[in-house]
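Worksheet for the structure shown next.
Quick note: the coordinates plus some simple rules give every number you see, no bench work behind them. Note that the structure is a prediction, hence the values are computed from the model and not measured. For neighbour counting, all protein chains shown are included, and Cβ atoms are generated from backbone atoms with ideal geometry for every residue, glycine included.
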Amino acid sequence: MHPYSEYLQEYVHNLNNLQEGGKFKDDFRISSTGKLMRKLWLDELPMIINLLKGDMKLVGVRPLSQHYFSLFTKELQEKRTNYKPGLVPPFYADMPKTLEEIMDTEMKYLLAYEKHPFRTDWKYFWKAFYNIVFRRARSN
């Protein structure tokens, strides 16, 4: 990543906006090595370590940068902070395309998780697994 990339995030968002799936278009902060690591999912290794340490759970909303978090509704921001982040996000179960759809997906997941935590995580895990393995889902 580019030095000070977190501080440049709002600038990149204003410059390029979001592409389908919620990532920044033409993000100059990602090096060619970073692109390769993302393609091979090696950028997930720190999160796997956090999962093993117990700081994260297997399924759940992903941790976000401060700027990206600020784009979410206040209601969703409050709900997200009540739960541990997850390695496999609800994004991969529903494959939303716009920021609004991403927020809807996360809210739907969190509301279901409040009622039936294990069943919700089980369902979302297998939906995500299917989309990643058989449909080659990627967050770009």
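Out of A128, A112, A93, any idea which swings most in a Gaussian network model of the chain, alpha carbons joined below 10 Å? Its mean-square fluctuation being the largest, the pick is A112.
Among Y7, Y83, the order by Cβ neighbours within 10 angstrom, fewest to most, reads Y7, Y83. Taking a straight Cα-Cα cut-off under 20 Å and skipping sequence neighbours fewer than 8 places away in the same chain, the lysines within cross-link reach of K53 are K84. Per the Kirkwood formula applied to alpha carbons, the stretch 83-140 shows a radius of gyration over Rh ratio, Rg over Rh, of 0.95. Between E101 and Q66, the modelled label-to-label distance comes to 3.1 nm, taking each label 7 Å out from Cα in the direction of the beta carbon.
Overall, the chain carries a charge dipole of about 520 debye about its Cα centre when +1 sits on the Cβ of Lys and Arg and -1 on the Cβ of Asp and Glu, all other atoms neutral. Result for the chain in a Gaussian network model with C-alpha springs under 10 Å: among N82, N50, N17, the largest mean-square fluctuation is at N82. All Cα-Cα distances of the stretch 5-133, cut into 5 Å bins from zero to the largest, leave 2, 10, 17, 22, 23, 16, 7, 2, 0 percent in each bin in turn. The relative contact order of the chain comes to 25 percent, based on Cα pairs under 8 Å that sit 6 or more residues apart.
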